[in-house]
Amino acid sequence: MRILIYAMGSAGDVHPFTGIGRALQARGHEVTLLTSAYFEDLVRRAGLEFRGMGTVEDFERVQADPHLWHPLKAFPSIVRNAVNPSYEMILAAAQELNDPGNTLIVASSLAWGCFVPRELLGIPVVSVHLAPALFTSNYRAPVMHGTLPHGAPRWMKALQWWGAGKIVDRHVLPEWNRFRQQHGLPPDRNMIRQWHSPDRVIAFFPDWYAPPQPDWPAQTRLTGFPMFDEAGLRELPADLDDFLDAGDPPIVFTPGSAMDRGQDFFIEAREALRILGKRGIFLSKFTDTIPADLPPEIRHYSFIPLSQVLPRVAALVYHGGIGTCAQALQAGIPQLVMPMAHDQLDNLSRVRDLGVGDGLHPWQFKGPRVAATLDRLLKDPAIQRRAKEVAAKFRPADWIEESCRLIEDTLPPR
């Protein structure tokens, strides 16, 4: 089977699709990962065929947009700068790589451009959603900025999603329907319901993290977190083991792989560690966001696969990205989340539901309050116990096996 995987987003979005691509290739399939040229080195080190979708400069331009981390402006920014330019590239790649009757597309959440090759070329599409925030519901609804509380009546939630759908349509439909019309396809509407493939939807998280709701698409299947984080493909910093062994377990701070405006985050993190008298690790590839005068008790690294450091630390403080959340859950450590945009507020709600951590909004993220919250999390035996109980639920090999099987079963036998 020829499988085309289209992954749009930051490293946290591309990693899971790299992991599933490797697993599918190991099962004998011909796999090509289509993503930004920014990730070409990663994809090739993982042993997969690569097809560039936009330049490194395109990716860096999207990453540099200050609206990317705004709770209300992020979505239109991504649609305008990343999604809209992808449509023609996706179609061209599908036309070139299609082996009729033997080709399948695996599409990330924002890659609804893959639905045009589905209609024009008859290529089945599997939508893969990394986080439960992609599923609107009138029952246990995702927690977003401005959404109704869980206890609100279902009719109010339905009205809420109707309004949200109008906003999504305003940003998406003009260019999307222009593209569809250009290729002889009828216009779409209600895009908030249209980004789930009719063929198959796979949720890359387990049901104990986000139980499926009665009004989720019927073709949805939950598997589990992919957990790929470049472990084994990257050399670890030479001094990491020595630092970890030199004292009490440190606390890791990271605002996410694409956050290039983390100066305040790390300044407050440094102050929190000073108040607590704890050691720390700062993770960011943006070296200019790291305070210049770090004490010897704090180390900065551009990147470490989280699976190779979190089991040896006391806690994780981060932005709420789903992949980072999964790594902390598997490590069995308390979490402190500072949500900014996208699915991050909903992931914080799941962390709280599981009883493994808490959160502070960006305006609350000040050194003394960060220190006080971390002190509470680290000293609470119920949180420590619950974190270990959740870690025991992890079955990553089984989750990958089930994800591969569901993908394979989507293509009818020849």
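In the chain, with Lys and Arg counted as +1 and Asp and Glu as -1 at Cβ, which of these residues, Asn177, His29, Leu283, has the Cα nearest the positive end of the dipole, that is, farthest along it?
With unit charges placed on the Cβ atoms, the residue in question is Asn177.
Mind checking the full-extension length gain between Glu49 and Arg274? Use 0.36 nm per residue of separation minus the Cα-Cα distance, one decimal, nm.
76.3 nm
Go ahead and run the numbers for FRET between Leu120 and Arg193, Cβ-Cβ distance against an R0 of 22 Å, rounding to 0.05.
Values: r = 21 Å, r/R0 = 0.97.
With a Förster radius of 22 Å, E is 0.55.
GluC sites (Glu not before Pro), restricted to the stretch 230-316: which are DSSP loop and have at most 14 other Cβ atoms within 10 Å?
Glu235
Would the stretch 80-135 count as rounded, prolate or oblate if I go by the C-alpha gyration tensor, calling it rounded below 1.5 in a/c and otherwise prolate when a/b exceeds b/c, oblate otherwise?
Oblate, since a/c reaches 1.5 and b/c is not below a/b.
Using the Cα gyration tensor of the stretch 322-388, with a ≥ b ≥ c the square roots of its eigenvalues, what is the shape: rounded (a/c below 1.5), prolate (a/b larger than b/c) or oblate (neither)? Provide the component values of the computation, followed by the final result.
Working: a/c = 2.07, a/b = 1.09, b/c = 1.90.
Since a/c reaches 1.5 but b/c is at least a/b, the shape of the stretch 322-388 is classed as oblate.
With +1 on each Lys and Arg Cβ and -1 on each Asp and Glu Cβ, how big is the dipole of the stretch 240-391 about its Cα centre, in debye rounded to the nearest 20?
Details: 17 positive and 18 negative charges, 67 e Å.
It works out to roughly 320 debye.
In degrees, nearest 10, range 0 to 90: what is the angle between the Cα axis of helix 367-379 and the longest Cα principal axis of the chain?
Tilt relative to the chain: about 90 degrees.
Using the 10 angstrom Cβ neighbour count as an exposure proxy, how do Thr147, Thr18 rank, fewest first?
Arranged by neighbour count, lowest to highest, Thr147, Thr18 become Thr147, Thr18.
Could you work out how far helix 344-354 tilts from the main Cα principal axis of the chain, as a 0 to 90 degree angle to the nearest 10?
Orientation of helix 344-354: about 60 degrees from the principal axis.
Using unit Cβ charges (K, R positive; D, E negative) and no other charged atoms, how large, in debye to the nearest 20, is the dipole of the chain about its Cα centre?
1200 debye
Residue by residue through the stretch 236-250, which ³J(HN,Hα) values in whole Hz follow from phi under the Karplus form 6.51 cos²θ - 1.76 cosθ + 1.60 (θ = phi - 60°), with glycine and proline marked x?
6, x, 4, 9, 5, 4, 4, 5, 5, 7, 7, x, 4, x, x
Consider the candidate values [x] 0.94; [y] 0.98; [z] 0.96; state which one is Rg/Rh (Cα atoms, Kirkwood Rh) computed from the structure displayed.
Only one option fits the structure, namely [z].
Would you work out which of Trp112, Pro206, Thr147 lies farthest towards the positive end of the dipole of the chain, given +1 charges on the beta-carbon of Lys and Arg and -1 on that of Asp and Glu, about the Cα centre?
Value: Thr147.
Rounded to the nearest 20 Debye, what is the dipole magnitude of the stretch 309-414 about its Cα centre when Lys and Arg each give +1 and Asp and Glu each give -1 at the C-beta?
Details: 14 positive and 12 negative charges, 94 e Å.
Using Cβ point charges on Lys, Arg, Asp and Glu, the stretch 309-414 gives about 460 debye.
Can you figure out the FRET efficiency of Leu294 with Leu148, using R₀ = 45 Å and their beta-carbon distance, to the nearest 0.05? Walk me through the numbers before you get to the answer.
Values: r = 43 Å, r/R0 = 0.95.
Plugging the Cβ-Cβ distance into 1/(1 + (r/R0)^6) gives 0.60.
Which GluC sites (Glu not before Pro) does the stretch 32-119 hold that lie in a coil by DSSP with at most 15 other beta carbons within 10 Å?
Of the GluC sites (Glu not before Pro), not one in the loops of the stretch 32-119 has a Cβ with at most 15 other Cβ atoms within 10 Å.
Please give, to one decimal in nm, the separation of the simple spin-label points placed at Asp41 and Val56, each 7 Å out from Cα toward the Cβ.
Taking the simple label geometry, Asp41 and Val56 are separated by 0.8 nm.
Using the beta-carbon distance between Leu236 and Trp363 and R0 = 45 Å, what value does 1/(1 + (r/R0)^6) give for FRET efficiency, to the nearest 0.05?
0.80
Going by how many other beta carbons lie within 10 Å of each one, how would you line up Met191, Met259, fewest first?
Met191, Met259
The stretch 148-231: D in µm²/s via Stokes-Einstein (Kirkwood Rh, Cα pairs, 4 °C, 1.567 mPa s)?
Answer, rounded: 83 µm²/s.
Taking the Cα-to-Cβ direction at Gln213 and at Lys379 and moving 7 Å from each Cα, how far apart do the two end points lie in nm?
The two pseudo-label positions are separated by 3.8 nm.
What nm value, rounded to one decimal, do you get for the distance between Arg312 and Gln181 when each label is placed 7 Å out toward the C-beta?
Here the modelled spin labels are 5.9 nm apart.
Averaged over every viewing direction, what's the projected area of the C-alpha convex hull for the stretch 240-391? Give it in nm², one decimal, please.
For the Cα atoms of the stretch 240-391, the hull's average projected area reads 7.8 nm².
Every number in this text was worked out from the coordinates using simple rules, so none of it is lab data. Only a predicted model underlies this, so the values are computations on that prediction, with no experimental measurement involved. Every residue, glycine among them, receives a Cβ derived from its backbone with ideal geometry; neighbour counts consider all protein chains shown.
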